[in-house]
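First comes the structure, then the notes that go with it.
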Amino acid sequence: MKRLAFVSGLLLLTLAMACPAVAEPLKLGVPFPMTGPNAPYGQNALRGLKLAMAARPQVLGRPVEIVVVDNKSDKVEASNAANRLIQYDKVAAIIGPLSSSNSLAAGPVCETAKVPMVSPWATNPLVTQGKKYVFRVCFIDPFQGSVGASFALKNLKAKTAAIMVDVAQDYCVGIAGFFERAFKKQGGQVVIKTMYNTGDQDFSAQLLAIKAKNPDIIYVPAYFTEGALIARQAREMGLKQIMLGGDASQAAELIKIGGPAVEGLAFTTHFDEKGVTTPAGKSFVKAYRAKYKEAPDSCSALAYDAYNALLDAMDRAKTTKPQALVKALEQTKDFQGVTGVMTLVDHNAVKPAVILHVKDGQFVYMATVSPN
Amino acid sequence: MDSAQALQQLINGLTLGSLYALIAIGYTMVYGILRLINFAHGDVLMVGCYFAWFGAVQFGLPWWVALMGSMVLTALLGVLIDQGAYRPLRKAPRISALITAIGVSFFLENLGLVIFGGRPKAFQRPEIFNQLYQWGELRVLSLSVWVPIITAVILAGLMFFIYRTRQGMAMRALSRDLVTVHLMGIDTNRVVALTFALGSALAAAGGIFWAMKYPQINPLMGVLPGLKAFVAAVLGGIGNVFGAVLGGLLLGLCEIMLVAFLPDLAGYRDALAFVLLIGFLIFRPTGIMGEELPE
């Protein structure tokens, strides 16, 4: 009897020791712009990410821990943030940065260190081109530019366009070029292309030049800071043309700062609650609205998807080792994201774009355009 | 470019120049008395904007009440900065005070980031400034017409104060010789505090009109206008109030002229300010109105 007790005691002890201790957390690096001109995008993206984490806090039996480092909307800081996350925090993967310029800065860092990087929102094709470890869960600008051009020609019935390019941002330069190419190819004419810099507050010279050419529409794929000011000054100068933008126009501040000047401004982007196609998307909108009392934007939805796509790849790879993880990410197919059903081709997502416009001080859904 | 456009750009230039002038006066007055370049001045104007924003948005005050209130509060802030950061270093080498100024600048910026967050806030433009005047081809925002007028009124008041009152005389005396004035029985600390108060109040006014012209505020908004106003102060002869005004107008007009006549170089408008600074420092370091004072 005593022997039985002793043996069963030993057995229980062995079993207890065989149970794993609290699993080591899996660290993910999040170099988002929390301050600086891109702060609204970064803060919204973090909201989406946190929502994703709350819905799915574990992967491979380990709790997920995110390390947020502010990249201050700056290229140098983005690169530093990536470095710090890899060297100091020893993250398994990085979700971010958001803007194309910052993703182009952080990409080589992750590539050299062989740490997978998934950008939720960067659309310039160069971000993933030629890279093995850099991915994105959104579409790329050749597609977005041509959607904009088609919309301008077919829906806005524009034959001539003026383009305003922020020469300091890779995103703006890229998408303006793709728009121009597509617009010309589909029979339109670009009458003038003017330039400005990030941080500029006065656009009177450029707008005066555009006014002289009298185009049908003005293509302004600007970030909201400049976009709002451009819209205001354009209206003040008597320019009545419709303004067409890109996905960087989707920030609540565009309307708050632009006021009545941005009424009618249309833009191509990734996500809107009215254009939701998947059940995951519907529940995401519900959860976001419940927690933040406002409609989710593209940045939050894409960050949500980036998180889940990454974890899904980890599940399929059954490990967090970079080589296997990269292979699993490359094989992402028909992933049910909140922004749509996603397949990664050459590290980029092939997805439809939605077109929104500003009406009565709100972003209103207009259409969805699928890639052909 | 026809005459209507040229006139429009001229008015733009005057407006921008007036804004730089208002901010530059603060730099120049402080330098004149303390030989200190108050790098925190640009961030003081940022705080002034936020005070006005709070007044207008949170408390629903009419714009001119918010403006006045902000000027008073910012003046107090200026005095606080002087008492807390610069006064203890009056006897220290000048470089210590300079480094402290930079420190105060960073402090204010990051305090703003913590309190107000990184997202910019919309600044309401009062209706009186939002009118569009149209004369033929010319379209001018009423703000562009009012700002130079209001600036001229403020400056007239300031000139009266500096040249016709005892306090003003004390300020002018202090800029000549700080130690001797102290020996004459004048409370130098009080006069210095007054200088900071005046300079900061003017910066608040400049900042608020800047925010009305480019209607968004964020904690880092004061950096570039502050730097350019500093350049304006140097151009006009740092230490000379009239020079600051002249420098501000000159810089504003040059910037707009560059953008108007060479639109391809519009991206370099900020660089122009610094090119002018370098040029003046090489060829005429005392500025337009500066005088060589014997050490």
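Every number in this text was worked out from the coordinates using simple rules, so none of it is lab data. On a predicted model such as this, the values are computed, not experimentally measured, just so you know. Don't worry about glycine lacking a Cβ; one is built from the backbone with ideal geometry, like all the others, and counts go over all protein chains shown.
A few points about this structure:
- Environment charge of residue A:293, counting only residues whose C-beta is closer than 13 Å and scoring Lys/Arg +1, Asp/Glu -1: +3
- The range A:65-113 and the range A:241-308: distance between their alpha carbon centers, rounded to Å: 24
- Chain A - percent relative contact order, Cα under 8 Å, separation 6 or more: 16
- Antiparallel %, DSSP beta bridges [both residues in the protein assembly as shown], to 5: 50
- Couplings 3J(HN,Hα) for the range B:256-265, derived from phi with the Karplus relation 6.51 cos²θ - 1.76 cosθ + 1.60 (θ = phi - 60°), are 5, 4, 4, 5, 6, 8, 10, x, 5, 9 Hz, where x marks Gly and Pro.
- The lysines within cross-link reach of residue A:321, meaning a Cα-to-Cα straight distance under 22 Å and a gap of 8 or more places when in the same chain, are A:27, A:90, A:114, A:131, A:132, A:333.
- Karplus-derived 3J(HN,Hα), 6.51/-1.76/1.60, for each residue of the range A:336-351, Hz, glycine and proline x: 7, x, 6, 8, x, 7, 10, 10, 8, 10, 6, 6, 10, 8, 9, 8
- Under 5 Å from the amide H of residue A:337 lie the amide H atoms of A:342, each residue being 5 or more positions distant or on a separate chain, with H modelled from the backbone and absent for Pro and chain starts.
- Angle between chain B longest axis and helix B:269-283 axis [Cα atoms, degrees, rounded to 10]: 40
- When the pairs A:159/A:184; A:50/A:359; A:75/A:351 are compared against a 19 Å limit on Cα-Cα distance, A:50/A:359; A:75/A:351 fall above it.
- Evaluating 6.51 cos²θ - 1.76 cosθ + 1.60 at θ = phi - 60° for every residue in the range B:241-248, the Karplus couplings come out as 5, 4, x, 4, 4, 4, x, x Hz, glycine and proline recorded as x.
- Cβ-based net charge around residue A:319, under 13 Å, with every Lys or Arg adding one and every Asp or Glu removing one: +4
- Cα centroid of the range B:216-261 to Cα centroid of the range B:69-128, whole Å: 19
- 24 Å Cα-Cα threshold exceeded, pairs from A:211/B:213; A:154/A:274; A:211/A:274; A:157/A:256: A:211/A:274; A:157/A:256
- The C-alpha atoms of chain B define a longest principal axis, and helix B:166-176 lies at about 80 degrees to it.
- Taking the C-alpha atoms only, the angle from helix A:2-18 to the longest principal axis of chain A is near 20 degrees.
- Among the chymotrypsin sites (Phe, Trp or Tyr not before Pro) in the range B:1-89, those placed in a DSSP loop whose Cβ has at most 14 other Cβ atoms within 10 Å are B:59.
- Gyration tensor (alpha-carbon) shape descriptor, the range A:142-269, a/c threshold 1.5: rounded
- Comparing B:236, B:13, B:168 in a Gaussian network model of chain B (Cα springs below 10 Å), the most mobile by mean-square fluctuation is B:168.
- Other-chain or far-sequence residues with amide H under 5 Å of residue A:135's (modelled H): A:117, A:118, A:119
- Other-chain or far-sequence residues with amide H under 5 Å of residue A:93's (modelled H): A:29
- Calculated log₁₀ intensity ratio I(q)/I(0) where the Debye formula runs over C-alpha points of the protein assembly as shown, q = 0.05, 0.06, 0.08, 0.09 Å⁻¹: -0.28, -0.40, -0.67, -0.81
- Sorting B:184, B:169 from the fewest to the most surrounding beta carbons within 10 angstrom yields B:184, B:169.
- Cβ-based net charge around residue A:94, under 15 Å, with every Lys or Arg adding one and every Asp or Glu removing one: +2
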